[in-house]
Amino acid sequence: MPANSSPSSRVAPYVLMAAVALVVRLAVIPFVYGDWMDPFVLQHWAFGLVARSIVLGHGFGNVFAETGPTAVLPPVYTYLLAGIFKIFGIETKAAVLAALALNSLFSALTCVPVFLFARQALGPRVAKWAGWGWAFSPYGVYYGADWAWSTCLVTLELACLFLFAWRLESSSRTRDWLRFGFFGGIAALTEPVVLSVIPLLGIWTIYQLYRQKRPWKMPLAAAALAAIAVLSPWFVRNYEVFHRFIPVRSGFGLEFYMGNNGYSTRWVNSSLHPNHSDAELAEYERVGEIAYMDHKLKQGKEYVRSHPGWFAWMTGRRIVYVWTGYWSFDRAYLKDEPLDPPNILVDTTLTILGLLGLRRVFRRDRALGARFAIVLFFFPLAYYFTHCETYYFRPVDPLIVVLAAVFVAGGSRHAVEPGSIG
């Protein structure tokens with residue numbers, strides 16, 4: 001063995017980053033998991049309710065109450081949670097701890113695609129800042145340790161697919177594009193909002209192949225067919241159950257109505273949700289899921305048509321909220337949201353650093369900058385017009401951390417050839 005070599009020197013930097021990130025997140029869980037043991041929280045934990053239904057043999061349903069089959073939630077994380085319930089018990093302390101630990105693992109593993117992409121595209125210095133930046137990211141830690149939802153899984157999936165799509169610029173092999181389509185389909189079944197960006201990232205890569213005069217028709221077909229093959233069973237299930245094509249989730253009408261009804265004290269009127277309204281739940285139970293969602297969408301559209309000025313104003317407020325965390329400094333509002341001031345500081349700082357980093361990336365490599373811009377522009381688009389929660393934009397955080405690292409640490413002045421798919 002060479003004198004300057006040691007076993008530890010062979011360990012990839014991202015392994016240490018991910019390990020430290022996991023330790024940090026697991027260390028936080030004991031201080032926060034108790035919130036999930038509150039009976040009120042468990043009663044309205046949508047993923048938990050459907051996972052319970054699956055484990056009890058009642059199928060994929062009962063999202064609000066004993067109301068039968070549902071498509072309000074996507075299947076991937078729901079079945080993961082059902083597996084946890086099967087092993088550790090339904091909504092037990094052990095199950096909650098296991099769910100939070102799994103999400104912490106997803107969040108920690110996100111260090112890997114963050115580091116690999118930053119190193120290969122932007123240089124080792126940026127990779128070091130980005131990897132450790134994500135390991136200690138306040139949002140990465142918080143949502144990993146204290147959010148039993150699909151957020152951390154879709155964050156990992158989006159970071160991996162962003163890296164994958166960039167690397168495909170150097171590959172026209174059918175098997176690589178099949179894998180991209182397959183994993184893109186899995187991500188869509190985790191959270192369909194990724195469909196707003198993953199196909200566009202793939203098309204941008206196809207365009208790069210076209211510019212290089214490399215084969216692109218077969219890769220495009222392979223990715224599309226693989227994604228369709230993954231998504232089709234869920235589409236078929238939903239059509240057989242609800243007699244309508246449902247693109248992964250059925251709840252858009254409710255989401256649109258909850259954000260567009262004249263209420264503006266907060267970013268969403270939660271009192272209109274069946275979990276918080278006996279009248280809404282009664283309607284849902286009486287007419288069924290699809291008719292209920294159609295009615296909510298109709299109500300939301302009618303309000304927007306009759307109040308276009310209000311809708312434009314609220315859309316602007318939602319855009320500001322997504323990027324800064326700011327909604328209001330009203331005392332009554334802050335009494336219910338006491339953590340908003342520090343969150344605004346963190347969120348706004350990351351946004352400013354990320355946008356400055358994006359400008360620097362565009363100056364060095366327009367094609368690479370366009371990849372970031374696709375995600376930053378299209379991912380939150382639907383939330384501007386419906387409603388937004390603080391966790392909706394979090395899957396984009398790893399990319400913002402990379403861009404912030406570009407601004408803080410600099411990077412290679414020249415574009416780097418995308419790495420091998422392997």
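The values are calculated or read from the model by the stated rules, or taken from the named source; none is laboratory data. Computed from a predicted model, the values in this text were never measured in an experiment. Ideal geometry is used to build each Cβ from the backbone, glycine not excepted, and the neighbour counts take in all protein chains shown. Side chains are part of the model used for accessible areas, which takes the heavy atoms of the whole protein and leaves out ligands, DNA and RNA. Shrake-Rupley method; radii C 1.70, N 1.55, O 1.52, S 1.80 Å.
Residue-by-condition table, conditions (1) open to solvent by 30 Å² or more (accessible area, probe 1.4 Å); (2) touching a Lys or Arg at 6+ places or on another chain (Cβ under 8 Å); (3) at pLDDT 95 or above; (4) of a type outside the set (D, E, K, R):
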{"position": "Trp267", "(1), (2), (3), (4)": "no, yes, no, yes"}
{"position": "Ala291", "(1), (2), (3), (4)": "yes, no, yes, yes"}
{"position": "Lys298", "(1), (2), (3), (4)": "yes, no, yes, no"}
{"position": "Glu302", "(1), (2), (3), (4)": "yes, no, yes, no"}
{"position": "Arg305", "(1), (2), (3), (4)": "yes, no, yes, no"}
{"position": "Gly325", "(1), (2), (3), (4)": "no, no, yes, yes"}
{"position": "Lys335", "(1), (2), (3), (4)": "yes, no, no, no"}
{"position": "Pro338", "(1), (2), (3), (4)": "yes, no, no, yes"}
{"position": "Leu345", "(1), (2), (3), (4)": "yes, no, yes, yes"}
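Residues that are in contact (Cβ under 8 Å) with a residue 12 or more places away in the chain and of a type outside the set (A, V, I, L, M, F, W, C): does segment 223-233 have at least one? Looking through segment 223-233, none of the residues is in contact (Cβ under 8 Å) with a residue 12 or more places away in the chain and of a type outside the set (A, V, I, L, M, F, W, C).
Number of residues in segment 288-305 that are in contact with a helix residue (DSSP H, G or I) (Cβ under 8 Å, 6 or more places away or on another chain), of a type outside the set (Lys, Arg) and under 18 Å from Arg244 (Cβ atoms) equals 7. Residues that are open to solvent by less than 10 Å² (accessible area, probe 1.4 Å), part of a helix (DSSP H, G or I) and under 25 Å from Pro308 (Cα atoms) within segment 355-397 are absent altogether. Write out, first by first residue and then by second, each pair whose Cβ atoms fall under 8 Å of each other, whose residues are 6+ apart or on separate chains, and whose first residue, in segment 164-191, is under 19 Å from Leu231 (Cα atoms) while the second is of a type in the set (Ser, Thr, Tyr) and not in a helix (DSSP H, G or I). Listed by first residue and then by second, the contacts come to Trp177/Ser171; Thr190/Ser150; Glu191/Ser150.
Mind checking which helices (runs of 4 or more DSSP H) fall wholly inside segment 232-308 and carry at least 2 residues that are more than 23 Å from Glu191 (Cα to Cα) and touching a Pro at 6+ places or on another chain (Cβ under 9 Å)?
278-287
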